[in-house]
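The block underneath contains the structure these notes are about, expressed in structure tokens.
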């Protein structure tokens, strides 16, 4: 698909320090299309509680006219910081009142986007909404796009923030969208209940850093940990990861060293894992250093807790693990079934121990290369091509 105008907005701003599927997808869109990436506006409460947050400070400077609201970031991409403040309504429990205030917010937000559309001369544009089912609920009517696409890539309706109203408003937005695209079959099934034009498009990943040929050294804090190293890389959040599985692995096989790389939440910090000799917490690392740690693993883990938050999500770390050729043992979920030929999928903590043993025993260069080849098919370009195919089928 070439030569289209696309407006991208969602739950992540372009200048966020956290990566996002939406940003990666927008960057690929912009290779052959004009893209307006819209950062969500700050709300009244955030504005007052800004503190030293540099992103909020920047938004306030835009509001005051000290910085431009529309900035060109590449030849084909512009970034908009809307000059408006939304009402803080997340704690409004009365649904009619929430709906009333949310529509006011939508109108304020859309007014700023319409100004940018006129300034850029966008025509016959597509809207790509990344999971923003509150602020973008009425954009189809207010912005009048040629195609309104809703992108679901995490089960946001089950998060604490969206638990009260999320499912109700996401269902509404799905029903009115022209197309829904999702990165997991589980989320696609939810989408299909609301809209028959729901398409699974898979997931993209930038695995360029995760190339074992680029690794020249081993970090000091893992170099002296004896093999076999059974490791995990990522945020250690008790809402998503099973402390029980990790503890069972470590206690069942004292000769294995369980290495955890990433920041801990309070539950992890207070857990018994810190009292087990063969469990090693290495803390947060620079993203560019992570492949070096992964290279030192003998087996990579993703011991997810099975709950409504995790059951449908696509764990990008699996592609990163496989791109380095590592054997992977993970919790069996609907999404992980797509990886069944290249990973070991466990039902419970006892099976984790058995499958780690099997992974260590079976690992060889042929299996490693097959994992690498598979991971390299999950590029952002391939992901966006699936989205383009879904758009073409919608236009027919």
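Side notes on the structure shown:
- Distance between the C-alpha centres of the stretch 246-275 and the stretch 86-122: 44 Å, rounded to the whole angstrom.
- Computed over the stretch 1-117: relative contact order in percent, which uses C-alpha pairs under 8 Å that are six or more apart: 24
- Using the rule -39500 (n - 2.57) for each DSSP H run of four or more residues, divided by the residues of the chain, the 222 nm mean residue ellipticity is -11000 deg cm²/dmol.
- Modelled FRET efficiency - R0 25 Å, residue 144 with residue 185, Cβ distances, 0.05 increments: 0.20
- Gyration tensor verdict on the chain (Cα atoms; rounded if a/c is under 1.5, prolate if a/b is larger than b/c, oblate otherwise): prolate
- Those residues of the stretch 314-349 whose amide nitrogen sits under 16 Å from the label point placed on residue 276, 7 Å along Cα→Cβ: 329-331, 348-349
- The alpha-carbon atoms of the stretch 171-271, seen along their principal axes, cover 56, 36, 23 angstrom, with the largest extent given first.
- By the count of other C-beta atoms within 10 Å, a proxy for reagent exposure, 177, 252 are ordered fewest to most as 252, 177.
- Taking the DSSP bridge list for the stretch 212-375 and keeping only pairs wholly inside it, about 5 percent are antiparallel.
- For the chain: relative contact order, % (alpha-carbon pairs under 8 angstrom, 6 or more apart): 14
- Rounded if a/c under 1.5, otherwise prolate or oblate - the stretch 212-375, Cα gyration tensor axes: rounded
- Nearest 10 degrees, 0 to 90: helix 365-375 Cα axis against the chain principal axis: 10
- Were the residues from residue 114 through residue 288 laid out at 0.36 nm apart, the gain over their Cα-Cα distance would be 58.8 nm.
- With the gyration tensor restricted to C-alpha atoms of the stretch 10-69, the semi-axes of the equivalent ellipsoid amount to 25, 13, 9 Å, longest first.
- Comparing 283, 312, 231 in a Gaussian network model of the chain, where Cα atoms under 10 Å apart are tied by springs, the biggest mean-square fluctuation is seen for 283.
- Proxy reagent accessibility, fewest Cβ within 10 Å first, across 373, 331, 84: 373, 84, 331
- Acute angle (nearest 10 degrees) that the helix 95-120 long axis makes with the longest principal axis of the chain, alpha-carbon atoms: 80
- Extension gain, residue 361 back to residue 393 (0.36 nm per residue minus Cα-Cα distance, nm): 6.9 nm
- Point-to-point label distance, residue 161-residue 224, nm (Cα→Cβ direction, 7 Å offset): 4.1
- Residue among 336, 324, 369 with the largest mean-square fluctuation in a Gaussian network model of the chain, springs linking Cα atoms under 10 Å: 369
- The stretch 299-387: C-alpha gyration tensor shape, a/c 1.5 cut-off, then a/b vs b/c: oblate
- Normalised by the number of residues in the stretch 212-375, the mean separation of alpha-carbon contacts (under 8 Å, six or more apart) gives a relative contact order of 23 percent.
- Choice from 296, 375, 223 showing the highest fluctuation, given a GNM over the chain with Cα pairs closer than 10 Å: 223
- As a proxy for reagent exposure, ranking 248, 93 by other Cβ atoms within 10 Å from fewest up yields 93, 248.
- Cα-based helix-to-principal-axis angle, 185-194 vs the chain, degrees rounded to 10: 30
- Using a Förster distance of 25 Å, the FRET efficiency for residue 72-residue 209 (Cβ separation, nearest 0.05): 0.35
- Gain in span if fully extended, residue 381 to residue 252, counting 0.36 nm per residue against the direct Cα distance: 42.2 nm
Quick note: the coordinates plus some simple rules give every number you see, no bench work behind them. Model, not experiment: these values are computed from the prediction. Quick reminder, even Gly has a Cβ in these numbers, built from the backbone with ideal geometry, and neighbours come from all protein chains shown.
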